Amino acid sequence: MSSNLTLSREDIVRLCERVEGAQTRAYAIPKLTDEYPDMTIADGYAVQSELRRRFIAKGHKLVGWKAGLTSKAKMQQMGVSVPSIGFLTDRMARPENSAITTSDLVHPRVECEVAFVMKETLQGPGCTAADVLAATDYVLPAVEIIDSRFSGFKFDLASVIADNGSSARFVGGGRPRYVEDLDLRTLGVVMEKNGELVGMAASAAVLGHPAEAVAMLVNILAELGENLPAGSFVMSGGITEAVPVKPGDSVVARFQELGSVSMRFT
Ligand code: OOG
Ligand code: MG
């Protein structure tokens, strides 16, 4: 990792238990750097990796990964300027058009993303956007429901990485398409909540091209000693700002060329 570990093994386990408790019982906690101001990005990933290990030990299945904070809109909204990654499990997936409960979430927000499904395994370092496109089976539109476990949805990079990039739920849908049939830089996206426009942007907002975000993710995975296996579901990062949702809200994300993804909240 580009920065060093400062946490002891005991601290990593303690912080992991704190984050896991907040995630599974849906309560807010202070950001971890309040207690550990010297926490580094490497420390954040050490906590996240311990969380992943525990979830897998409990029978959750790793289905893919997500890139976070990859667009200007997201970086400005969250006050963080470096992208990050998090893992996705089968327990986080929700069907398209389904009712998503909020009682098991702290303060959910929705964001539109381009998702990739991989047909070949990718291994960094040195992974490029061209490598990603060649290894992609298809892309599809997705909505991520993020839910920071930190009070006020306020955090720094080390804390949000430890909290698995605020990952909570995700919904894939629309129309799967082959990348060679699309220009992934120019896809327009609009998000509607209760029939009103709440966000719009083009997919180039994500590091110039969503495949760049996936390449970045593969290169971070290499630093963690991991690869991106064939069959993985990968979200490339919110294109627009994330929008808060509450019970009763319905959300539609409309993607040019890729169709739309809908859900409602209860
Ligand atoms: C961090 C997660 C960011 C994205 O797509 O940018 C993320 C957060 O904003 O809470 O998932
Ligand atoms: Mg996201």
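The values are calculated or read from the model by the stated rules, or taken from the named source; none is laboratory data. As the structure is a prediction and not an experimental result, all values here were calculated from the model. Here the Cβ is made from the backbone with ideal geometry for all residues, glycine too, and neighbour counts use every protein chain on show.
Can you find a residue that is more than 17 Å from the chain's Cα centre (by Cα), closer than 24 Å to residue 52 by Cα and more than 16 Å from ligand 2 (Cβ to nearest atom) anywhere in the range 203-222? Yes, that holds for at least one residue. Return the only residue of 46, 67, 26 being within 19 Å of residue 210 (Cβ to Cβ) and either modelled with pLDDT of 95 or more or aromatic (Phe, Trp, Tyr) (or both). Within the list 46, 67, 26, the selection yields 67.
Restricting the search to the range 187-222, which residues are within 14 Å of ligand 1 (Cβ to nearest atom) and among the polar types (S, T, N, Q)? Scanning the range 187-222 gives a single hit, 203. Confirm whether residue 136 is more than 15 Å from the chain's Cα centre (by Cα) and closer than 16 Å to residue 235 by Cα. Answer is yes for this residue. Scanning the range 33-74 for residues that are within 16 Å of ligand 2 (Cβ to nearest atom) and surrounded by 15 or more Cβ atoms within 10 Å (Cβ to Cβ) yields 48, 63, 64, 65, 66, 67, 68, 69, 70, 71, 73, 74.
One residue stands out in the range 223-240 among those that are touching a strand residue (DSSP E or B) at 6+ places or on another chain (Cβ under 6 Å) and of a type outside the set (Gly, Ala, Ser): the one that is farthest from ligand 1 (Cβ to nearest atom), namely 228.
Is it the case that residue 25 is under 28 Å from residue 118 (Cα atoms), without any contact (Cβ under 8 Å) to a residue 60 or more places away in the chain and out of contact with any His (no Cβ under 9 Å at 6 or more places or on another chain)? The answer is no for residue 25. Checking the structure you have, find out if any residue of the range 160-178 is closer than 28 Å to residue 6 by Cα, away from ligand 2 (no atom under 15 Å from the Cβ) and within 17 Å of the chain's Cα centre (by Cα). Looking for residues that are closer than 28 Å to residue 6 by Cα, away from ligand 2 (no atom under 15 Å from the Cβ) and within 17 Å of the chain's Cα centre (by Cα), one finds at least one in the range 160-178, hence yes. The residues listed here are 142, 134, 162, 129; of these, the one that is buried (at least 21 other Cβ atoms within 10 Å of the Cβ), more than 27 Å from residue 252 (Cα to Cα) and modelled with pLDDT of 95 or more is 162. Say whether the condition of being among the polar types (S, T, N, Q) and buried (at least 23 other Cβ atoms within 10 Å of the Cβ) is met by at least one residue in the range 194-203. So far as the range 194-203 goes, yes, one or more of its residues are among the polar types (S, T, N, Q) and buried (at least 23 other Cβ atoms within 10 Å of the Cβ).
Restricted to the range 113-126, and to residues there that are surrounded by 20 or more Cβ atoms within 10 Å (Cβ to Cβ) and away from ligand 1 (no atom under 16 Å from the Cβ), the residue that is farthest from residue 32 (Cα to Cα) is 118. Filtering the range 77-108 to residues that are within 11 Å of ligand 1 (Cβ to nearest atom) and exposed (fewer than 14 other Cβ atoms within 10 Å of the Cβ) leaves only 79.
The number of residues in the range 107-133 that are within 16 Å of ligand 2 (Cβ to nearest atom) and outside any strand (DSSP E or B) comes to 2.
For the range 142-170, a residue qualifies if it is near ligand 1 (Cβ under 9 Å from one of its atoms) and more than 29 Å from residue 117 (Cβ to Cβ), and the qualifying residues are 150, 153, 155.
I'd like the full set of residues that are among the hydrophobic types (A, V, I, L, M, F, W, C) and touching a Lys or Arg at 6+ places or on another chain (Cβ under 8 Å), limited to the range 56-92.
62, 85, 87, 88, 92 - these are the residues of the range 56-92 that are among the hydrophobic types (A, V, I, L, M, F, W, C) and touching a Lys or Arg at 6+ places or on another chain (Cβ under 8 Å).
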